[in-house]
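Student: Pasting a structure below so you can have a look.
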Amino acid sequence: MDQPTDRDGALTLTGADRGPYALGEPMWLWDEQEPVGTVYDIAHVAETRQLRLGGFRYADSSAARRSSVRRLLLFEVVSHVVRTMPQIDSIYITLNHRLGDHQSGPEVANARSRLLRAMRAEEIRVIPGGGVGGDMAVEAIWRRAPAHLSALSAGLAAARRENIDPGRTSAWTRLRHGLQRFLSP
């Protein structure tokens, strides 16, 4: 996969106690030193080339409340799996976490569906009442294929650019990213 080399705006993925991640354990995500979320349900389906991702939970932090971080979290997790687990061909994704009382179920389901389509996930299903607290859940399958890898890489790069906090980056980095956005088609 053509991975971006620029880590500006990237999240860090770790296992427990900020140690290395091991398959089957919860995955912790950090925006610099601030926790942004955890993926609790990560399971390799025995005797297959499939992985199941679910149990996404956002941390109670200012970084986790930014919508750019919430989009980035999914792209970072799927990209990490693709990069570090070449034996995985399909990733079954379930987004059923509660986002708050201020958003309607259809709005959340629509946003989640758009996010999954952006990475070229397939077989997207909305399940009314299938989420935490009766919210809508959205399920999809992401398959390893050249077009899907390209969409994932492009989505990851765009989500990282959205996550750049002007207060944390240098003037040169902000200028470079601004020019990239201006010059890209």
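The values are calculated or read from the model by the stated rules, or taken from the named source; none is laboratory data. If you're wondering where the values come from, they're calculated on a predicted model, not measured in any experiment. Here Cβ is always computed from backbone atoms with ideal geometry, including for glycine, and neighbour counts include all displayed protein chains. Quick note on the areas: whole protein, heavy atoms, side chains included, nothing else; ligands and nucleic acids left out. Shrake-Rupley method; radii C 1.70, N 1.55, O 1.52, S 1.80 Å.
Student: Scanning the range 102-120 for residues that are open to solvent by 80 Å² or more (accessible area, probe 1.4 Å) and assigned to a loop (DSSP other than H, G, I, E, B), which turns out modelled with the lowest pLDDT?
Tutor: The selected residue is 102.
Student: Separate question: Restricting the range 152-178 to residues that are open to solvent by less than 20 Å² (accessible area, probe 1.4 Å) and in contact with a helix residue (DSSP H, G or I) (Cβ under 7 Å, 6 or more places away or on another chain), which is modelled with the lowest pLDDT?
Tutor: Looking at the filtered set, the residue picked out is 177.
Student: Which residues, taken from the range 127-151, are modelled with pLDDT of 85 or more and either assigned to a helix (DSSP H, G or I) or not aliphatic (A, V, I, L, M) (or both)?
Tutor: Once the filter is applied, which keeps residues that are modelled with pLDDT of 85 or more and either assigned to a helix (DSSP H, G or I) or not aliphatic (A, V, I, L, M) (or both), the range 127-151 yields 139, 142, 143, 144, 146, 147, 148, 149, 150, 151.
Student: Inspect all residues belonging to the range 65-82 and state whether any of them is open to solvent by less than 30 Å² (accessible area, probe 1.4 Å), in contact with an Asp or Glu (Cβ under 7 Å, 6 or more places away or on another chain) and modelled with pLDDT under 80.
Tutor: yes
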